[in-house]
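Student: Before I ask anything, let me first share the structure, which is written out below as structure tokens.
The values are calculated or read from the model by the stated rules, or taken from the named source; none is laboratory data. Note that the structure is a prediction, hence the values are computed from the model and not measured. Heads up, the Cβs are rebuilt from the backbone with ideal geometry, glycines too, and the neighbour counts pull from every protein chain shown.
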Amino acid sequence: MHRLGDLAARVGGRVLGDASRRIGGIATLEDAGPSDLAFLTNPKYRKAAGRTLAGAVLVGPGVEIAGKDLLEAPEPYLALAELLDFLHPAPPRTPGVSPLADVDGGARLGAEVSIAPFAVVGAGASVGDRATVGAGSVVGEGAEIGEDTVLHARVVLYPRTRVGARCILHAGVVLGGDGFGFASSKGRHRKVPQLGRVVVEDDVEIGAQSAVDRGTLGDTVIGRGTKIDDLVMVAHGVRVGPDCLLVAQSGIAGTSRLGRGVVLAGQAGVAGHLGLGDGAVVAAKSAVFDDVAEGSFVAGIPAVDHRAWKKAQAALRRLPDLRAEVRALRLRVEKLEREREG
Amino acid sequence: MHRLGDLAARVGGRVLGDASRRIGGIATLEDAGPSDLAFLTNPKYRKAAGRTLAGAVLVGPGVEIAGKDLLEAPEPYLALAELLDFLHPAPPRTPGVSPLADVDGGARLGAEVSIAPFAVVGAGASVGDRATVGAGSVVGEGAEIGEDTVLHARVVLYPRTRVGARCILHAGVVLGGDGFGFASSKGRHRKVPQLGRVVVEDDVEIGAQSAVDRGTLGDTVIGRGTKIDDLVMVAHGVRVGPDCLLVAQSGIAGTSRLGRGVVLAGQAGVAGHLGLGDGAVVAAKSAVFDDVAEGSFVAGIPAVDHRAWKKAQAALRRLPDLRAEVRALRLRVEKLEREREG
Amino acid sequence: MHRLGDLAARVGGRVLGDASRRIGGIATLEDAGPSDLAFLTNPKYRKAAGRTLAGAVLVGPGVEIAGKDLLEAPEPYLALAELLDFLHPAPPRTPGVSPLADVDGGARLGAEVSIAPFAVVGAGASVGDRATVGAGSVVGEGAEIGEDTVLHARVVLYPRTRVGARCILHAGVVLGGDGFGFASSKGRHRKVPQLGRVVVEDDVEIGAQSAVDRGTLGDTVIGRGTKIDDLVMVAHGVRVGPDCLLVAQSGIAGTSRLGRGVVLAGQAGVAGHLGLGDGAVVAAKSAVFDDVAEGSFVAGIPAVDHRAWKKAQAALRRLPDLRAEVRALRLRVEKLEREREG
């Protein structure tokens, strides 16, 4: 149990209420009890906050909840992350190479690695210190995994794939499959050999079932600190800048380049051979068919400036009314014309 | 071989024609022969029904096919399901724990379970009576599988995932990966620990390669009787009500709530923190950005009432004509104005 | 090292410049050095071609790059494929059945097959000559794999699936899962047994994580020479004609038929029970809700003729202006009407 005041100090926040209150864990507004800290980081859940049984609530600046002790933090979601790590630390790793794994004699294993049953580590592959290879994962020949990186169950790294340090690859991720490159001639499609690699830099997380294809000749690169959600597809030769967010089921076609901090919301798509500048944001379900300037927020199919898209969509909803109005106007003009003649 | 009349009785239907006709199996209109029952449940295939060599055809009320014996059932697709189970029963299971599986000594196995080669069952996990764990599947520590549930090949349950009874999880399904939760500050993204679980209730089916993420703190819940197709993504903290249908490649963002019997058609998406009422239907390729009322049928990006969407789309197709008409009107008004002045 | 002239002869091209130049390999415009052949197959990269250090550049007819030796080929992308195969041949296969694989005694293995660790080959399955079953792949009972076909890691073939010769199935592919067939009655969904197969003809490639479901009774068929990208979903009973291209994250709903050479661009979708004629092309992110005629190019949601879609989208962007214009016109008409009366 920790004093609320101590938790506040840990995240650079302050207590509004009783700083001596004892907190043992973190829970949702609905589930929290008197020794729990709950959190309100989305104003939609304001109402639930009023009913919570939580001992205290983590909030952002300026939020008040009558009768509740509050931990006010300047960046409450960031504070939540830090307090979760502190109050609910991950279970300790258990290093060791399972006798049921198949590790090639020519593979290099760092200190304290963990290799689970039915994992395969190929010739010339290297697994960094304290890295984890989950059950049934396949680390191809010559592939490299940086220190403290975690491959959950059933991840596949094709040969020569490189994954940096402190990465997390969730179950089912496939890195390094062939790009979709075919030379079509007379209606038949001839495979263009795919010889490049996938290079994942440090501190990248990739969600379940996502796929990143190797480049045709150069590399497909996922930049440092980028986070990728589930079922995302990154095609051959793409370069994703550092600190990007690719939300679930989004996709990027071949050879496109994303700058720093680009966000693709859920189910968004980017066509091939394009450039998206630093900080560009693509709205959910949108499709980018042209380059996007730095800092832009685009939406729609094809994606255009977000405000223009909103305005056009609003106008579209009123389009049947506009048609009716034009029809009425035409009748009035016809009447005027008849009167003119008459 | 069974009498057509007996099959009709079994599904609460009646025979139009020869009830003594002998039927051995079920086949498509194209493939059926004289001892087969074919079926016509979609009027699009009416023409093919006229040419079929089937001994008899299963139809709904009021359908006639000249010269054919018919089994008319009030709900013909339901009758098809029942007759397929009766005439083409699934092959019997072969219980047993493969010596090539890795089952932790601390796991609880029910009676007559089947554990295939290279499956992993972790410490504290439990596998219900007559449940099946397919080849290469990974059942994490403390995960629970209900009785008669089937995990096909290469399914991954993260630790503490709970799957109810009589569920079917197809190859490649991943339940319990971390939700996509990051606290962004100064352009960097800090992982928010994901501590909740995935809870799948009874009688749920989930298609190949689909992914359901664990909640941040609470659970992600798939309600009883819900059916999920392939490559579907359900994010952290989502609650999917009972008896929903999530068609292929659809996705639901974090913390949204689906009521009873909600349908997401193929490639549809639902943004985060929303509520969809009982019986709501989202058309294919649509994106829901706002709450949807009980019983609504919505379509489009953003999704609106389905009829309004259809009307707006029809108007959109005629929009170039409307522009031309407005231009013509303007010329006529200008002419009237000139004449007025003249 | 090869003479540039010899490489040109190999692909039916000609040298513009020094045919005796020595070439050792192929690289991108950015990475190439003096002994490399680079290639310019997309005019977008013209500028980079001017700066390349490559010894020579592969181009199409009519392309000039000042000061560079050129290999001009009539179909340069096809030439690239051929030269990559010649200059960068794939590493030789190493046949053999891993002692860590689980091959049923009743399976038929051809000559020189390669079966990797933790692969499972079921009873009655057959693996053709020189075929490869990757690590952790599961070949169900009675499934067939043709000669020279490659299953990368963790591919799942459900029982009785048939895959032809010279196919490539990338990591995570699942063929033969149950179709999404449910008979809904009184709000509950009863499973319709799925008894058909998946049949993949010769020379098909399928990308990472894609899923093809078995037919309800008939087969789901992927025609000869068709190429499927990552995370694509093909539903039960679909027939995909020969030589089609299904780009990443596209999907086809149940029982639809695609003719020869149909292209679905990225994230496109096709609803159920439709027909797409030979050579039909569906633009990225489009949704097909009606039959598509042979040779058509369609776009949009719902998909319509591509030019009509473009025109409508352009008009949509100017729709707010049109509304303003109609408002102005109405005021002018009102003024005329008032003057008429006055």
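Student: If you take the residues of region A:171-195 that are touching a residue at least 60 places away in the same chain (Cβ under 8 Å) and under 15 Å from C:LEU231 (Cβ atoms), which of them is nearest to the other protein chains (Cβ to nearest Cβ)? Reasoning before the result, please.
Tutor: Filtering region A:171-195 for residues touching a residue at least 60 places away in the same chain (Cβ under 8 Å) gives A:179-181.
Still in the running and under 15 Å from C:LEU231 (Cβ atoms): A:179-180.
Numbers: A:GLY179: 9, A:PHE180: 4 Å.
Result: A:PHE180.
Student: If you don't mind, there's one more thing I want to ask. If we scan region A:153-166, do we find a residue that is at pLDDT below 95, more than 7 Å from every other protein chain (Cβ to nearest Cβ) and more than 23 Å from C:GLY25 (Cβ to Cβ)?
Tutor: no
Student: Another question, if that's okay. Could you please let me know if C:GLU144 is more than 11 Å from chain A (Cβ to nearest Cβ) and farther than 25 Å from A:ALA101 by Cα?
Tutor: Yes, satisfied.
Student: For region C:55-83, how many residues meet the condition of being over 11 Å from C:ALA8 (Cβ atoms) and touching a Ser or Thr at 6+ places or on another chain (Cβ under 9 Å)?
Tutor: Summing the residues that are over 11 Å from C:ALA8 (Cβ atoms) and touching a Ser or Thr at 6+ places or on another chain (Cβ under 9 Å) in region C:55-83 gives 10.
Student: Go through C:VAL326, C:VAL281, C:VAL263, C:VAL304 for me and flag whichever is more than 21 Å from B:GLY207 (Cβ to Cβ) and touching a Cys at 6+ places or on another chain (Cβ under 9 Å).
Tutor: C:VAL263
Student: Spot the failing condition for C:CYS244; the list is (1) more than 10 Å from chain B (Cβ to nearest Cβ); (2) over 22 Å from B:ASP229 (Cβ atoms), and only one is missed.
Tutor: Tallying (1) more than 10 Å from chain B (Cβ to nearest Cβ); (2) over 22 Å from B:ASP229 (Cβ atoms), C:CYS244 fails exactly one: (2).
Student: Sticking with this structure for a sec: Please tell me if B:ASP230 is under 21 Å from C:GLY179 (Cα atoms), at pLDDT 95 or above and surrounded by fewer than 23 Cβ atoms within 10 Å (Cβ to Cβ).
Tutor: So B:ASP230 does not fit the description; no.
Student: Out of C:THR41, C:THR52, I need the residue that is touching a helix residue (DSSP H, G or I) at 6+ places or on another chain (Cβ under 8 Å), at pLDDT below 95 and polar (S, T, N, Q). Which one?
Tutor: C:THR41
Student: Do you know which residues across region A:217-241 are within 14 Å of chain B (Cβ to nearest Cβ) and either part of a loop (DSSP other than H, G, I, E, B) or over 22 Å from A:GLU144 (Cβ atoms) (or both)?
Tutor: Within region A:217-241, A:GLY223, A:ARG224, A:GLY225, A:THR226, A:ASP229, A:ASP230, A:LEU231, A:VAL232, A:MET233, A:GLY241 qualify.
Student: Now a separate question. Residues that are buried (at least 23 other Cβ atoms within 10 Å of the Cβ): find the strands (runs of 3 or more DSSP E) completely inside region C:123-216 holding 1 or more of those.
Tutor: C:174-177, C:198-200, C:211-213
Student: Which condition number in (1) in contact with an Asp or Glu (Cβ under 7 Å, 6 or more places away or on another chain); (2) of a type in the set (Lys, Arg); (3) not in a loop (DSSP other than H, G, I, E, B) is the one that A:LYS311 fails?
Tutor: (1)
Student: Another one. Would you confirm, using the coordinates I've provided, whether A:ALA111 is assigned to a loop (DSSP other than H, G, I, E, B), in the same structural domain as A:VAL232 (by TED's automatic domain parsing) and over 23 Å from the mean Cα position of the chain (by Cα)?
Tutor: When the stated conditions are applied, A:ALA111 passes them.
Student: Related question: Name the single residue, out of those in region A:17-36 being out of contact with any Lys or Arg (no Cβ under 9 Å at 6 or more places or on another chain) and of a type in the set (A, V, I, L, M), that is farthest from A:ALA81 (Cα to Cα).
Tutor: Among those that are out of contact with any Lys or Arg (no Cβ under 9 Å at 6 or more places or on another chain) and of a type in the set (A, V, I, L, M), it is A:ALA32.
Student: For region B:278-295, check the following and say yes or no: at least one residue is away from chain A (no Cβ under 12 Å) and either closer than 26 Å to C:LEU322 by Cα or assigned to a helix (DSSP H, G or I) (or both).
Tutor: No.
Student: Which one is farthest from the other protein chains (Cβ to nearest Cβ) among residues in region C:266-277 that are part of a loop (DSSP other than H, G, I, E, B) and surrounded by fewer than 24 Cβ atoms within 10 Å (Cβ to Cβ)?
Tutor: This residue is C:GLY277.
Student: Could you check, for region C:307-322, whether at least one of its residues is more than 9 Å from chain B (Cβ to nearest Cβ) and out of contact with any strand residue (DSSP E or B) (no Cβ under 9 Å at 6 or more places or on another chain)?
Tutor: Yes.
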